[in-house]
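The values are calculated or read from the model by the stated rules, or taken from the named source; none is laboratory data. Small disclaimer: the values here were computed from a predicted structure and weren't measured. Here Cβ is always computed from backbone atoms with ideal geometry, including for glycine, and neighbour counts include all displayed protein chains.
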There are 2 protein chains.
Amino acid sequence: MAEKVTLLDFYASMFGMRARVALAEKGIEYEFREEDLHNKSQFLLEMNPVHKKIPVLIHNGKPVCESLIIVEYIDEVWNQKSPLLPSDPYERAQARFWADYIDKKVYDAGKRIFLTKGEEQEAAKKELIEILKQLESQLGDKPFFGGDAFGFVDVALITFSCWFHTYETSGEFSIEEHCPKLIWWVKRCMQKQSVSKSLADPKKVYDFALVLKKKLGVE
Amino acid sequence: MAEKVTLLDFYASMFGMRARVALAEKGIEYEFREEDLHNKSQFLLEMNPVHKKIPVLIHNGKPVCESLIIVEYIDEVWNQKSPLLPSDPYERAQARFWADYIDKKVYDAGKRIFLTKGEEQEAAKKELIEILKQLESQLGDKPFFGGDAFGFVDVALITFSCWFHTYETSGEFSIEEHCPKLIWWVKRCMQKQSVSKSLADPKKVYDFALVLKKKLGVE
């Protein structure tokens, strides 16, 4: 059967980018449909009636929602090339743990950096640095979180890197100063076409963040 | 190799109970170690240094944290008996989606019912009922969320049922009145020893909730 793969996504979404990176790693061609998040399409509402959010991967007419679930689905369906999750159950559990940690921690701290000011912003900066240091220490001296190969945790985290410029500019700080090894890891990931071609331009992400701040009434 | 399995847990935790149910489904013997959440053991802090939370499953000395990750680990390691996740990738993604939905929605709405009053409590009640109705509609006419067999989503949700009494008593409402089919499903699950022997006594859960309210300074 000819595969039909569609991704409902939004350019600057770190969650949508995870699906893009995973599909690129597997070499899957797909239709990219940009959604206007302030005027969501009827199709998106039908495909994800529960959360009404992007990304949604539609594979032969059937929708899969929630970015990490999408990445795991892609890994299971197209399992011949570039495995993302390790085969050992314990290693798989560890990979899921760190991807879940990223989901629970990075987005929220990052968002508070560009949507708040003063003490609240300082606290968010401190928090994000602690989170990234924790991740850096988990990376250790390995080239990738997946070990020698780019894997599930790499996909989960790398998409935030194109938001680093927004966090740094809003918070007037340097992530590299605190987490130099993590920035080397970002550069290593960016040497992969599956990553560099899937990630948004950090300057365009920043422009989007400015529009978002205006819309939310934050100066 | 002789298997050594230990569970760091807390009696009334709906998250810890998930691990208990999954282990019971697989027929795995394990050591249950009750944690005092107000005076956590050094062992817990060593086994889960990132979140410092129960449950932690320790399998031959190696810790696995986060309840859904634990359940999936148990399903992958002891895969000869009572499969919890379906084998088809799409069905697996759907099961993960609903388990994730439960994680993101049920706990928070439930907690607000017994920790707030007045308008806030009314809103939380309304929210919980909507969430449970959504789940009930997902269950449809199937005996279990897993279809004919008890599965991953059943494990994820059933452990909240021993908190229903606390939600209902605090909020003065009846879940059965709004979601009769879901309560039938609870009863069906409770006919399984793996469930009935793993779940906490609803009255003891309520006693714990009262202690918790007092500790948090909520009347």
Among residues of region A:21-51, those that are among the basic types (Lys, Arg) and within 11 Å of residue A:8 (Cβ to Cβ), counted: 2
Leading residue by the ranking (modelled with the lowest pLDDT) among those in region B:1-30 that are acidic (Asp, Glu) and closer than 20 Å to residue B:81 by Cα: B:3
Residue pairs meeting the criteria (Cβ under 9 Å; at least 6 apart or on separate chains; first closer than 17 Å to residue A:130 by Cβ, in region A:176-187; second among the acidic types (Asp, Glu) and surrounded by 15 or more Cβ atoms within 10 Å (Cβ to Cβ)): A:176/A:168; A:178/A:136; A:179/A:136; A:180/A:136; A:181/A:136; A:182/A:136
Answer residue from region B:50-62, given it is surrounded by fewer than 21 Cβ atoms within 10 Å (Cβ to Cβ) and either more than 8 Å from every other protein chain (Cβ to nearest Cβ) or part of a loop (DSSP other than H, G, I, E, B) (or both) and is nearest to the chain's Cα centre (by Cα) among those: B:53
Residue match in region B:111-133 (condition: under 27 Å from residue A:60 (Cβ atoms), within 14 Å of chain A (Cβ to nearest Cβ) and part of a helix (DSSP H, G or I)): no
Test: residue in region B:149-162 that is more than 16 Å from the chain's Cα centre (by Cα) and either surrounded by fewer than 16 Cβ atoms within 10 Å (Cβ to Cβ) or among the aromatic types (Phe, Trp, Tyr) (or both): yes
Number of the exception - residue A:93 against (1) closer than 22 Å to residue A:147 by Cα; (2) in contact with a strand residue (DSSP E or B) (Cβ under 7 Å, 6 or more places away or on another chain); (3) of a type outside the set (S, T, N, Q); (4) more than 14 Å from chain B (Cβ to nearest Cβ): (4)
Candidates B:75, B:88, B:9 - the one that is under 30 Å from residue A:62 (Cβ atoms) and surrounded by 16 or more Cβ atoms within 10 Å (Cβ to Cβ): B:75
Considering residues of region B:69-90 that are within 16 Å of residue B:146 (Cβ to Cβ), without any contact (Cβ under 8 Å) to a residue 40 or more places away in the chain and hydroxyl-bearing (Ser, Thr, Tyr) only, the residue nearest to the other protein chains (Cβ to nearest Cβ): B:90
